[in-house]
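Report on the structure given below.
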Amino acid sequence: MAMKNPNTTVTEFILLGFSQNPKIQSILFFIFLTIYITTWLGKLTIIMTVIYTPHLHTPMYFLLANLAVVDITDSTVTALRTLWNLISHTNSISYEWCIMHIFFFHFIGGAVDFFLVVMAVDRYIAIYRPLQYLLIMNQRVCIGLVAGAWLGGFGHSIVQITLIPQLPFCGPNILDNFYCDVPQLIKLACTDTYITELLMVSNGGLLLTLIFCTLLISYSVILVKIRTHVTEGKHKALSTCAAQITVICLNFVPAIFIYCRPFQVFQVDKVASALYTLITPMLNPMIFTLRNTEMKNTIKKMVEKFMATRITESK
């Protein structure tokens with residue numbers, strides 16, 4: 001990790017959060033805790049269903065289970081700190097922890113974005129090369145794609161950690177957000193940040209926009225192929241693609257709004273950030289499950305089997 005700028009005198013940052021009112025903070029704590037628990041339950045349901053269901057041991061569900069793991073981690077990075085600040089009614093974070101949070105936030109968030117690219121590649125091969133699908137998407141390739149998504153997120157995050165500690169922070173130290181992130185932090189630097197902002201927009205906003213546009217074009221091509229050439233399993237293919245497009249929009253649109261513009265602080269930024277960091281990871285498993293009949297039926301059978309076992313044991 002890059003060394004701290006010797007001109008930095010700030011030792012901690014103050015997070016304004018959503019409100020300084022203890023009652024509102026307590027209400028928000030229970031709302032965010034419910035969201036976080038729901039996220040965990042949804043993701044664990046997907047992971048356990050894929051692991052313990054042999055007919056789901058396919059490349060698509062392997063990638064879906066790995067995306068669930070990344071989503072849990074992504075939600076945890078921000079949620080735990082936010083919940084702690086709300087329940088303890090504290091709003092300070094040390095300089096070192098702020099930088100560490102930015103590293104893991106962009107590391108895992110970047111991995112999520114690259115995972116969505118991998119899942120688009122998987123659907124493209126499944127639709128355009130159905131007979132060679134299992135041969136192309138073999139175990140080695142799937143593991144390589146998963147590793148590549150993590151490496152992509154790591155590379156994206158390293159840029160943040162290389163540039164930000166080089167900036168001097170000598171006050172003020174108030175961040176108008178509920179977690180540490182690049183846009184608000186750069187504005188507190190005691191130097192001209194024009195070049196740094198351009199680099200951050202290129203690394204964040206421009207990259208997100210390019211990936212988002214590429215994914216939309218790719219899924220448009222896939223949908224055209226499904227509608228015109230696919231006969232068997234058309235409904236299942238359309239549902240799967242529709243679910244992935246919805247998830248893509250939920251992940252990319254708020255992130256593009258935050259990172260793909262000059263770094264100015266707006267009140268709506270916190271709403272977009274909450275959608276991107278807390279709500280979207282909760283909605284992802286619901287969307288995949290509700291749009292995937294095979295997954296819904298499998299989960300239903302597992303629940304029924306579990307309940308039947310519990311009833312038998314109680315007797």
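The values are calculated or read from the model by the stated rules, or taken from the named source; none is laboratory data. Quick caveat, the model's predicted, so the values are computed rather than measured. As a convention, Cβ positions derive from the backbone with ideal geometry for all residues, glycine included, and neighbour counts pool all protein chains shown. Just so you know, the surface numbers come from the protein's heavy atoms only, side chains and all, with ligands and any DNA or RNA stripped out. Shrake-Rupley method; radii C 1.70, N 1.55, O 1.52, S 1.80 Å.
Brief remarks on what is shown
- The stretch 191-223: number of residues that are at pLDDT below 85 and of a type in the set (Val, Ile, Thr): 4
- Residue in the stretch 26-41 that is among the aliphatic types (A, V, I, L, M), part of a helix (DSSP H, G or I), free of Cβ contacts under 8 Å to residues at least 12 places away in the same chain and closer than 19 Å to Val247 by Cα present: yes
- With a requirement of 1 or more residues that are open to solvent by 50 Å² or more (accessible area, probe 1.4 Å) and over 30 Å from Ser92 (Cβ atoms), the helices (runs of 4 or more DSSP H) lying completely within the stretch 167-281 that satisfy it span 194-201, 207-229, 234-259.
- Members of the stretch 36-57 found to be closer than 12 Å to Phe288 by Cβ and open to solvent by 80 Å² or more (accessible area, probe 1.4 Å), listed by number: none
- Scanning the stretch 43-66 for residues that are farther than 20 Å from Ile245 by Cβ and among the aromatic types (Phe, Trp, Tyr) yields Tyr52, Phe62.
- Hits in the stretch 67-87 (condition: out of contact with any strand residue (DSSP E or B) (no Cβ under 7 Å at 6 or more places or on another chain), of a type outside the set (A, V, I, L, M, F, W, C) and open to solvent by less than 40 Å² (accessible area, probe 1.4 Å)): Asp71, Asp74, Ser75, Thr76, Thr78, Thr82
- Assessment of the stretch 119-138 against the conditions (in contact with a strand residue (DSSP E or B) (Cβ under 6 Å, 6 or more places away or on another chain) and surrounded by fewer than 14 Cβ atoms within 10 Å (Cβ to Cβ)) yields no matching residue.
- Screening the candidates Ser88, Ser94 for the property of being without any contact (Cβ under 8 Å) to a residue 12 or more places away in the chain and farther than 23 Å from Tyr276 by Cβ yields one hit, Ser88.
- Test for Leu63: is it surrounded by 21 or more Cβ atoms within 10 Å (Cβ to Cβ) and either assigned to a helix (DSSP H, G or I) or out of contact with any Pro (no Cβ under 7 Å at 6 or more places or on another chain) (or both): yes
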